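J.: There's a structure below that I have some questions on.
The values are calculated or read from the model by the stated rules, or taken from the named source; none is laboratory data. Model, not experiment: these values are computed from the prediction. Backbone-built Cβ (ideal geometry, glycine too); neighbour counts: all protein chains shown.
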Amino acid sequence: MKIGTLVRVIYTEYAAHLIGVIQAEENKRRWIVRLEVNPFEDDNKPVLLSLTESDFEAIDSSQKNLGNRFEIILVLKA
């Protein structure tokens, strides 16, 4: 993995299927991922997650649009 990689979150339940970007390597086993869309009420603030590589999957930019549509559905249902 490298900084700037586009990813889809697999695990944590509240962020599953959301799209994010790797911001930093926290240590050898964890990565800081910034979500593209804030799934919470205050969507002006970025959401940063500390995830292991098994908690997300790298995607290419063509898959980003599919993820964004899913994110909007999740936010509207919440």
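J.: Filter the stretch 16-39 down to the residues that are assigned to a loop (DSSP other than H, G, I, E, B) and β-branched (Val, Ile, Thr) and list them by number.
T.: The initial filter retains those residues of the stretch 16-39 that are assigned to a loop (DSSP other than H, G, I, E, B), namely 16-18, 28-29, 36-39.
Correct list: Val37 only.
J.: Among the residues of the stretch 17-65 satisfying the criterion of being among the aliphatic types (A, V, I, L, M) and exposed (fewer than 14 other Cβ atoms within 10 Å of the Cβ), which is farthest from Met1 (Cα to Cα)? Spell out how you get there, then give the answer.
T.: As a first pass, look at the stretch 17-65 and keep what is among the aliphatic types (A, V, I, L, M): 18-19, 21-22, 24, 32-33, 35, 37, 47-49, 51, 58-59.
Pick out the ones that are also exposed (fewer than 14 other Cβ atoms within 10 Å of the Cβ) and you get 24, 48, 58.
Details: Ala24: 10, Leu48: 17, Ala58: 8 Å.
Taking the candidates together, the pick is Leu48.
J.: Then there is this: Pull up the stretch 1-15, narrow it to residues that are closer than 15 Å to Val37 by Cβ and part of a helix (DSSP H, G or I), then point me to the one that is modelled with the highest pLDDT.
T.: Looking at the filtered set, the residue picked out is Ala15.
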